[in-house]
Amino acid sequence: MYHSRTISITINRNWKDIYEAYWRPEDFPRWASGLSRSILTHDGSTWNAEGPEGSVSIRFTGHNNFGVMDHYVSVNDGPEIYVPLRIIQNGDGAEVLLTLFQQEGMSDAKFIADAEWVEQDLLTLKLLASPEFPVI
């Protein structure tokens, strides 16, 4: 088993609105800088991009009614990494939760740095999805 950390952020907007606005793979680069630094291109069931650590191949969970945005990431043709991501109802708003797993051979410092990166990406999502900005 891997050491894990679930990182969450509360957004004052209906969870379904956030999910519908951001579930599409092509929307991830708008807020998930740790996943992609470029536009995602589609190749069958896989999406490809350039990420912070090299070429990235990603498989995404399909559209659903449960707020599940899980994805499977492979960097530089390495092993596939499972990334659970959920948007759930929190009263009238939403809670966005991403679970990060410390991969085999990953140092504690790298795991902490990745968690901090995820926190920043979730803050970007919060800014984009906040009521002051229209959900696109």
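No lab work stands behind these numbers, since they all come straight from the coordinates. These numbers were taken from a predicted model, which means no experiment stands behind them. Reconstructed Cβ throughout: ideal geometry from the backbone, glycine too, with neighbour counts over all protein chains shown.
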Worksheet item: Mean shadow of the chain, computed from the convex hull of its alpha carbons, in nm²?
Response: 8.1
Fill in: Phi to ³J(HN,Hα) by Karplus 6.51 cos²θ - 1.76 cosθ + 1.60 over the stretch 92-101, Hz, x for Gly, Pro
7, x, 9, 10, 10, 10, 10, 9, 10, 9
Response to the item:
Computed for the chain: size of charge dipole around the Cα centre, +1 on C-beta of each Lys and Arg, -1 on C-beta of each Asp and Glu, debye to nearest 20, value 240
